[in-house]
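Input: a single structure, listed below in C-alpha cells.
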Amino acid sequence: MAELATIARPYAEALFKATQADLSAAAVWLDELAEVAQNSQLQQFAGNPNSSNNQVFDLVAGVIKAALPEQGKNFLRTVIDNGRLAALPEIAAQFRALKNAQGGFSDAVVYSAFPIDAAALAEVAASLEKRFGRKLNLSVELDAELIGGIRVVVGDEVLDTSVKARLEQMKVALSA
C-alpha cells in the first residue's frame, strides 16, 4: 500500500493548501467522494476504455449526497483525468490526517461488542484523551467477536481491553 500512499500524498497536500479557508467542508465532500470511489463497480466502469472521463465524473458527481462545490468538481476532474480514482480513499485519509494534525486531533476507532450510549461514550472519550494525551475524534464500530469490553485504535496505537484479548492472553499463558 505504500505505493498508493505515495500517489495520494501530493493530492492530499494540494487539496489541504487549497481548502485552508474551510477544511471541515472540504473534509465532508472528500469523505463522500472516497466512499463512492471504493465501489468495485465504479472502479470497473472507470477502468473501462469505452467510458470517458466525463461519464465517470458525471456518475460520481451524481451519486454523492452533498452538493459538490466548484473546488470539489475541479479536484474530482483532476483525479479522474489522471486515472487516480482508486486513490481517493487514501487521499481522504491523508487529508484527514493533515487536518487533524493542524487542529491537534487524532482519529480513534472504538470497537465494541455492544452499542455504546452517548453518556458512556463521553466518559470513554475523556479517559482515552487523558491516556493518549491528545484530543480524539471518536467513531464506534460494532464487533461481536470481542465478546465484551472495547478495543481502541488511534493511528498505530492499540488499546485492547476486550474479553477476547484477555482470553487470548490466558491461552498463551497456559500453553507456555
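The values are calculated or read from the model by the stated rules, or taken from the named source; none is laboratory data. Just so it is clear, the structure is predicted and the values come from calculations on it, not from any experiment. Here Cβ is always computed from backbone atoms with ideal geometry, including for glycine, and neighbour counts include all displayed protein chains. Protein only, heavy atoms only, side chains kept; ligands, DNA and RNA dropped before computing areas. Shrake-Rupley method; radii C 1.70, N 1.55, O 1.52, S 1.80 Å.
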Completion exercise
Filtering helices (runs of 4 or more DSSP H) wholly in the stretch 28-102 for at least 1 residues that are closer than 28 Å to residue 155 by Cβ and out of contact with any strand residue (DSSP E or B) (no Cβ under 9 Å at 6 or more places or on another chain) gives 40-47, 70-81
Practice task
For residue 94, state whether it is in contact (Cβ under 8 Å) with a residue 24 or more places away in the chain, open to solvent by 60 Å² or more (accessible area, probe 1.4 Å) and polar (S, T, N, Q).
Solution key: no
Exercise for the section: Just name the residue that is surrounded by the most Cβ atoms within 10 Å (Cβ to Cβ) out of those in the stretch 25-50 that are under 13 Å from residue 96 (Cα atoms) and in contact (Cβ under 8 Å) with a residue 40 or more places away in the chain. Expected result: 30
Problem - Residues located in the stretch 6-22, provided they are buried (at least 18 other Cβ atoms within 10 Å of the Cβ) and part of a helix (DSSP H, G or I) - result: 8, 11, 12, 15, 16
Exercise for the section: May I ask you to verify whether residue 3 is acidic (Asp, Glu), assigned to a helix (DSSP H, G or I) and either open to solvent by less than 60 Å² (accessible area, probe 1.4 Å) or in contact (Cβ under 8 Å) with a residue 12 or more places away in the chain (or both)? Expected result: no
Completion exercise
Pairs returned, first residue in the stretch 54-74 that is under 15 Å from residue 19 (Cβ atoms), second residue that is part of a loop (DSSP other than H, G, I, E, B), beta-carbon separation under 7 angstrom, 6 or more apart or interchain, are 71/19
Fill in the blank from the handout: Among (1) open to solvent by 70 Å² or more (accessible area, probe 1.4 Å); (2) among the charged types (D, E, K, R); (3) under 15 Å from the mean Cα position of the chain (by Cα), residue 81 falls short only on (3)
